[in-house]
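Reviewing the structure listed below.
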Amino acid sequence: MKSSWVLAALLALPGCARREPPLPVLGQVPDFQLTAHTGQPFDRKLLEGRVWVADFIFTSCGSSCPMMSAKMRQVQSKVSPEVDLVSFTVDPEHDTPPVLADYAKRFGAQPGRWYFLTGDRARLNALSFDTFKLNSVDGSLTHSTRFVLVDRRGRIRGYYGTVDDQGLGDLLRDIGRLEREPA
C-alpha cells in the first residue's frame, strides 16, 4: 500500500511522468528553389530552423482547395508565429506569382509566414511525388488533401487529413510537440 502511494507521488513530479514517444521521421525535404507569390525566389533554406506545414493546391479549384486553404488559415491563427505555412501549386502554368498573390490575400495569408510557391512542373512533381509521397504534378490537377508537418531540420513528421476536424486537431497537437523538441 505504501509503495503504491510513493510511486504515484513520484509520477506526479515533473520529469517523472510518462512521455509520449517522439513523432516518427517519415522523410527528408531536400533543398529546392521555387518562386513565391511575391515574385521572389524561394529556397528551402528560408525554412531552416522552423516548424512548417505544407499542402498542395491550385487557385482555380472550386472544391477541396478553398477548404484546405481555409483550414490552413485556421492553423495560421492557432499556432505560434514561429510556425510557417507553405502551399505548393499543382498548376504552375496558371498559378503565376500574381495569381498566387491574389489567392494569398483572399485567404488572409500573413506575409513572411504563409508562402504560396510555383515553379517548374518537374521540380513541383519531385517534391509532391518523390519527397512528400503524395501525388504527381502531371497536369491532371488531382492532388492529395493532406497537410504535411515538417520539423526544424526539414524532416517530414506527420500527415493529416483535412476533411474533418480530427486531422486539424491532431496537426495542432503535433505542431506543439515539435515546438517543444530540442532544435
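Some points to look at:
- Selection count where residues are buried (at least 17 other Cβ atoms within 10 Å of the Cβ) and not in a strand (DSSP E or B), scope the range 77-95: 6
- The range 115-144, subset crowded, with 20+ Cβ neighbours inside 10 Å and among the β-branched types (V, I, T), residue nearest to P21 (Cα to Cα): V137
- Residue among I175, I156 that is assigned to a helix (DSSP H, G or I), at pLDDT 95 or above and under 12 Å from the mean Cα position of the chain (by Cα): I175
- Qualifying residue in the range 47-64 (condition: among the basic types (K, R) and in a loop (DSSP other than H, G, I, E, B)): yes
- Number of residues in the range 36-46 that are outside any strand (DSSP E or B), without any contact (Cβ under 8 Å) to a residue 40 or more places away in the chain and either of a type in the set (D, E, K, R) or buried (at least 20 other Cβ atoms within 10 Å of the Cβ) (or both) equals 1.
- In this entry, A122 passes the filter for residues that are assigned to a helix (DSSP H, G or I), small (G, A, S), farther than 19 Å from F147 by Cα and modelled with pLDDT of 95 or more.
The values are calculated or read from the model by the stated rules, or taken from the named source; none is laboratory data. A quick note: this is a predicted structure, and the numbers were derived from the prediction, not measured. Virtual Cβ from ideal backbone geometry, glycine too; neighbours counted across all protein chains shown.
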